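Nothing in this text is a laboratory measurement; each read-out follows from the coordinates by a stated rule. All of these numbers come straight from a predicted model, not from anything done at the bench. All Cβ positions, even for glycine, are placed from backbone atoms using ideal geometry, and neighbour counts span all protein chains on display.
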There are 2 protein chains.
Amino acid sequence: MQIAQLRYLVALARERHFGRAAEACHVSQPTLSAGLQRLEEELGARLVLRGRRFEGLTAEGERVFAWAQRIAADVDGLQVDLRAMRDGLTGRLRIGAIPTSLPVVSSLSAPLCAGRPGLELSVLSMSSREIEQGLRQAELDAGITYLDNEPLSGVRTLRLYRERYLLLTTADEPLGQSPEVTWQEAAARRLCLLSPDMQNRRIVDSIMREAGAAPRPVLETNSISTLVDHVRAGVGCAIVAQSWLRPPGLPAGLHAAPLVEPRREHAIGLVWREREPEPLLARTLITLVRRLRREGLLPE
Amino acid sequence: MQIAQLRYLVALARERHFGRAAEACHVSQPTLSAGLQRLEEELGARLVLRGRRFEGLTAEGERVFAWAQRIAADVDGLQVDLRAMRDGLTGRLRIGAIPTSLPVVSSLSAPLCAGRPGLELSVLSMSSREIEQGLRQAELDAGITYLDNEPLSGVRTLRLYRERYLLLTTADEPLGQSPEVTWQEAAARRLCLLSPDMQNRRIVDSIMREAGAAPRPVLETNSISTLVDHVRAGVGCAIVAQSWLRPPGLPAGLHAAPLVEPRREHAIGLVWREREPEPLLARTLITLVRRLRREGLLPE
DNA sequence: TGGGCATGATAGTCCCGCTCTATCAGCTCG
DNA sequence: CGAGCTGATAGAGCGGGACTATCATGCCCA
């Protein structure tokens, strides 16, 4: 058996298309086809359902895919680790972060990059579900996501901070001077909210239900800055996480009031998949965050 | 990179000898040598310290070994799983069990083998430390060992029963009729105990210390049946786990009394390493044990 | 109904690299 | 100093993985 062939299967299962899978593997399409045939032959089982086009994997194929994914990720881990030992800490650390956590990422990534010139980061804004899947498929090294709302499986976690919720309004709105706003009051406003594929929105919805309210958002988006933009433009109010307002401060002309009744919090933290051996890159991030937390250098 | 080359490294690290490693891989010695050289070349790092003989691995080599071990185990898992899907449950399930747990293994293995003609078992008597290492190195699929005394890491567990301790004597000894014996009293007798590399012995020693006693065993062995033999031969008393006396009953002419002050118990259970995807073989064992426990078919 | 396009399999060829046997070189030990 | 052990090197054979070019089929739309 050949590692390349396992990668072919992984690519095919992800792309669901022979040509694109071949491209992803940097080989020609016949090479990928032949490699998969050889793999099927060696394993003595059909893995791919072939009609005139890709039609999915067989049950055996799914099983082999699950293993192959893991094996390929470990081979990558081996190579990254080795390069890190040779050239000092090097390679790309891929972090998936939910949008509301993006403002705190820099307080982790800045000390991480300091003094590690070879280290490269990818910070990807993703939904909590995409993060979970990305970790499982070893496309991410770590995630920053909710810890307590929709439980995760097979991962280790480290709490970073607790998310609190604010109503963001223009200062000249009726609620524009209130020190606190209830969820009930907020629900009655014209609201700009995140789209329902984001866990933040699902949290907001569930708190609303609990408060006996049903918001009818005038605008939905998956970008928080778009949310803020629309508040500033006077489209309506928005419900945002406190963390989002920290770094530059509150934009001029806007007002943010804590949401109460209920005053709810959700833990957000670093999440990574337990692997053995533990990749040096991930290890570095985790020990750094532990140290930051111990020394009280993390916000909130 | 090539899976075979990773296996060469794993074999070499285990055998610490090129010739034997080659034999273990079913290839010639030059093949293994050349394969390792190519691996070093591809990875761009020396892995093996070469003098005139094998002199260990470099730091990089140790790291690659750790990954390679994992990768090789997963490739095996893939193949075993696939065969299981084709031919029904087949392959060899390797279980390591501490000696005192051996009598209960058959109550697991018998229902496991029933109706699964393709399934083969290896039950290996090992120390708890060997079991821990065997699981880590993927040389075992599961273990039966202490759960609470010397904590395990990176594994999942399922309790089977609680171990209690008895003093085994000949019936004509001074204590040969007592319904109960204190650890203090036992310590004063001529004792036959397991050797100190076994956790059972370390448990006995710690309870003894706690009871303010210090046993001077007249005989040490790593075989429980040898222990019983020597009691029968009149060499002394022995401290054994209750489970050991269950299957054939107490041998004629012997007496077993529960040890009290303190009356101590230690949990013994099934232990397996968390892997993803979960191998079908291990999964079968675990669900079987869960069912047996739920239905109360496990002893004690 | 027929042309164009998308998709994946086949054919033919090249050559890399894995494997073997045979042999060499250096160290250790009697 | 010679025997034995250990690992590296040399040279030959061949399997299989990679490429380009082409084919077969299905689908869409005119």
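Computed from phi, the 3J(HN,Hα) profile of the range A:6-15 under the Karplus parametrisation 6.51, -1.76, 1.60 (θ = phi - 60°) reads 5, 5, 4, 5, 4, 5, 5, 5, 6, 7 Hz, with x in place of Gly and Pro. Taking amide H as placed 1.01 Å from N in the peptide plane, B:Val48 has its amide H under 5 Å from the amide H of B:Thr58, each at least 5 places away in sequence or on another chain. Evaluate the relative contact order of the range A:3-81 (contact order divided by residue number), counting alpha-carbon pairs under 8 angstrom at least 6 apart; express in whole percent. Relative contact order of the range A:3-81: 31 percent.
The mean of 1/r over all pairs of different alpha-carbon atoms in the range B:3-81, once inverted, gives a Kirkwood hydrodynamic radius of 12.5 Å. For the peptide A:77-88, the mean number of other protein chain Cβ atoms found within 10 angstrom of a residue's Cβ is 4.
For chain A, adding -39500 (n - 2.57) for each run of n ≥ 4 DSSP H residues and dividing by the number of residues yields -13500 deg cm²/dmol at 222 nm.
Counting only other residues whose beta carbon sits under 13 Å from that of B:Glu120, what net charge do I get with K and R as +1, D and E as -1? Net local charge, B:Glu120 excluded: +2. With neighbour counts taken as other beta-carbon atoms within 10 Å, the residues A:Cys192, B:Cys237 rank, fewest first, as A:Cys192, B:Cys237. Net charge of the neighbourhood of B:Gly35, taken over other residues with C-beta under 11 Å away and scored Lys/Arg +1, Asp/Glu -1, is -1. Computed from label points 7 Å out along Cα-Cβ, the spacing between B:Ser225 and B:Ala4 is 4.3 nm. Report the local net charge at A:Val235: Lys and Arg +1, Asp and Glu -1, summed over other residues whose C-beta lies under 12 Å from its C-beta. Result for the local shell: 0.
If you fit an axis through the alpha-carbon atoms of helix B:59-87 and take the longest principal axis of the Cα set of chain B, what angle between them do you get, 0 to 90°, nearest 10? In chain B, helix B:59-87 runs at an angle near 80 degrees to the longest axis.
With only the Cα atoms considered, the range B:165-264 has a convex hull volume of 87 Å³ per residue. Over chain B, Cα pairs under 8 Å with separation of 6+ residues give a relative contact order of 21 percent. Per residue, the convex hull spanned by the alpha carbons of the protein assembly as shown comes to 233 Å³. Against chain A, whose longest principal axis comes from its Cα atoms, helix A:199-210 is set at around 50 degrees. Placing dummy labels 7 Å off each Cα toward the beta-carbon, the span from B:Ala252 to B:Arg38 is 6.7 nm.
What's the long-distance tail for chain B, i.e. % of Cα pairs beyond 28 Å? Cα-Cα pairs of chain B separated by over 28 Å account for 51 percent. With a Förster radius of 60 Å applied to the beta-carbon distance between A:Val235 and B:Ala233, the computed FRET efficiency rounds to 0.05. The convex hull defined by the C-alpha atoms of the range A:211-300 has an orientation-averaged projected area of 9.0 nm². Relative protection proxy for B:112-119, A:76-83, from highest mean packing down: A:76-83, B:112-119 (other beta-carbon atoms within 10 angstrom).
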